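First comes the structure, then the notes that go with it.
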Amino acid sequence: MGAGWGLSVPLAKIAVSTGHQPLGLIFWQLVVIVALLGTINALRGKTLKLGREYWRLYLMIALCGAVLPDIFFYLAAMRLPGGIMSIVLASVPIFSLPIALALGNERFAWRRLIGLSFGLLGIVLLIGPDASLPDRAMAAFVPIALLAPALYATEGNLVAKWGTQGLDPIQTILGASLLGMVITAPLAAASGQWVNPLSSFGAPELALAASAALHGIVYAVYVWLVGRAGSVFAAQSSYLVTGFGVLWSMLLLSERYALLVWLALAIMMVGTAMVQPRARNQPVAPHPAIGDHADGA
């Protein structure tokens, strides 16, 4: 999962290299995901659930796990190096813990609070006055990039809290991706961000297709992991995402990083390590539906 998600970072950089805008890219990314997961779902003999409780789930995942974070991700990818984007993704558990505590998904511990402090320190090293980004102006895009992991953390915690209404990960991501297509298509057309990948199918379009396929499979695994082990534990995958993202960016984009960037990475990893998952790996309950309250709650 970490290797696949990490590879999507430099692929995103390649996808935006010719000026493709976020909404158009997101729409076609969702098209690839729907085609891939729809085929897998059909081969398994599964159906797409269309009840009201499922649409609330699909909407939450479409917005918090795909459309909104990908907008911020692509906007930041236009300006930031792939390695920096990968380091930013390490902040998923940093955001996940306070949300988990607020929702009652996890228990407070001082060790975790210290871990959050390390995570914040790593972010400061990336955007502070002495940051070693290739261009000082890039620092302004780090907060934009951070909105993506914050939304991923929100989505993971909501799934951990309310479950997936009995749907498996493939069904869940398929439904959310279909709804995401409905949301992004008119927005892309109205905002002038529409992308026609068939007009000139080259490296950016190929990178988009590969990234989308990886994203669909890896994201389904992530939702499954949230359900099995909790949102904070699932967010630990950011270790591997970050490590592989940096390595893939160095290999595919020939990126090299200053000492402060490596220091920020190390501190972020320490912070992530200290944000420990809950001790018991219990599946999340499929009911009640998102936004409802359990009896006696």
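We did not get these values from a lab; they are worked out from the coordinates using the rules stated. Because the structure is a prediction, the values reported are computed rather than measured.
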Global size of region 111-154 as Cα Rg and Dmax, reported in angstrom: 11.8, 35
Overall Cα dimensions of region 1-91 - principal axes, largest extent first, Å: 41, 26, 25
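Once the convex hull of the alpha carbons of region 71-167 is built, what does its volume come to per residue, in cubic angstrom? Please list the in-between numbers first.
Working: hull volume 10.1 nm³, N = 97.
So the per-residue Cα hull volume is 105 Å³.
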Alpha carbon centroid spacing (whole Å) that separates region 39-90 from region 145-188: 5 Å
Mean shadow area of region 15-56 over all directions, Cα convex hull, nm²: 4.0 nm²
Fraction of the pair-distance distribution of region 124-197 above 21 Å, Cα-Cα pairs, percent: 56 percent
